[in-house]
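A short write-up of the structure that comes next.
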Amino acid sequence: MALFDTLQNDLNAARKAQDKPRTLVLGTIFSDAKNRKIELRRDLTDDEVVDVLRKGIKRRRESIEMYAGKRDDLAEKERAEVAILETYLPAAVSDDELRAAVRAAIAGGATQIGAVMGKVLPQFKGRAEGSTINAIAREELSKQA
């Protein structure tokens, strides 16, 4: 079953169960995915739905940072929403696997952060966050210097 359909089925199930927090977060993400579908004028691939999910997670993480120390209740709500959304993402890649790919890119002649990211990011699209790859790439490049 496509990820888009899974989201829709889970949203319907949350509505029937009257699970308000889950209904709210799934409704928002499903709406974002539906808008993306309308924008592209075709059905979404699972990778495109994962991109929508990642953007939703990123937005919520930024909110958590904004609320830090001031509104712990809202920060906790956002953390719960991130946890719900993360269940729909494909299995994450280990740091060791990312590090090996970064080292291979550096061995292949990439000496600048942009070149390393350009080689590594497409390999893990939808399975690892760019910020994680960037941090590992910077660490590995600093060892080379």
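Pairing residues of segment 87-110 that are in contact (Cβ under 8 Å) with a residue 60 or more places away in the chain and of a type outside the set (Phe, Trp, Tyr) with residues that are assigned to a helix (DSSP H, G or I) and surrounded by 14 or more Cβ atoms within 10 Å (Cβ to Cβ), at Cβ distances under 7 Å and at least 6 apart in sequence or on separate chains, gives no pairs at all. Of the residues making up segment 129-140, those that are within 12 Å of ARG99 (Cα to Cα) and either small (Gly, Ala, Ser) or assigned by TED's automatic domain parsing to the domain that holds GLU48 (or both) are ALA135, ALA137. Here segment 100-140 is the region considered, the condition is being among the charged types (D, E, K, R) and either in contact with a strand residue (DSSP E or B) (Cβ under 7 Å, 6 or more places away or on another chain) or closer than 23 Å to ASP47 by Cα (or both), and the residue that is surrounded by the fewest Cβ atoms within 10 Å (Cβ to Cβ) is LYS125. On the basis of being of a type in the set (A, V, I, L, M) and either surrounded by fewer than 14 Cβ atoms within 10 Å (Cβ to Cβ) or in contact with a strand residue (DSSP E or B) (Cβ under 6 Å, 6 or more places away or on another chain) (or both), does ILE38 make the cut? In short, yes. Given the structure, is GLU62 surrounded by fewer than 12 Cβ atoms within 10 Å (Cβ to Cβ) and over 18 Å from the mean Cα position of the chain (by Cα)? No; evaluated as a whole, the condition is false for this residue.
Filter segment 4-27 for residues that are assigned to a helix (DSSP H, G or I), over 14 Å from THR87 (Cα atoms) and either touching a Cys at 6+ places or on another chain (Cβ under 6 Å) or of a type outside the set (Ser, Thr, Tyr) (or both) and give the result.
Filtering segment 4-27 down to residues assigned to a helix (DSSP H, G or I) leaves 4-16, 20-27.
If we keep only those that are over 14 Å from THR87 (Cα atoms) too, we end up with 5, 8-9, 12-16, 20-21, 23-24, 27.
ASP5, GLN8, ASN9, ASN12, ALA13, ALA14, ARG15, LYS16, LYS20, PRO21, LEU24, GLY27, listed by residue number.
Checking every residue in segment 135-144 against the condition of being of a type in the set (Ser, Thr, Tyr) and closer than 25 Å to MET1 by Cβ gives zero matches. The set of residues from segment 71-99 being at pLDDT 90 or above and of a type in the set (Gly, Ala, Ser) comprises ALA75, ALA80, ALA83.
The values are calculated or read from the model by the stated rules, or taken from the named source; none is laboratory data. All values derive from a computational prediction rather than experimental measurement. All Cβ positions, glycine included, derive from the backbone under ideal geometry; neighbour counts span all protein chains shown.
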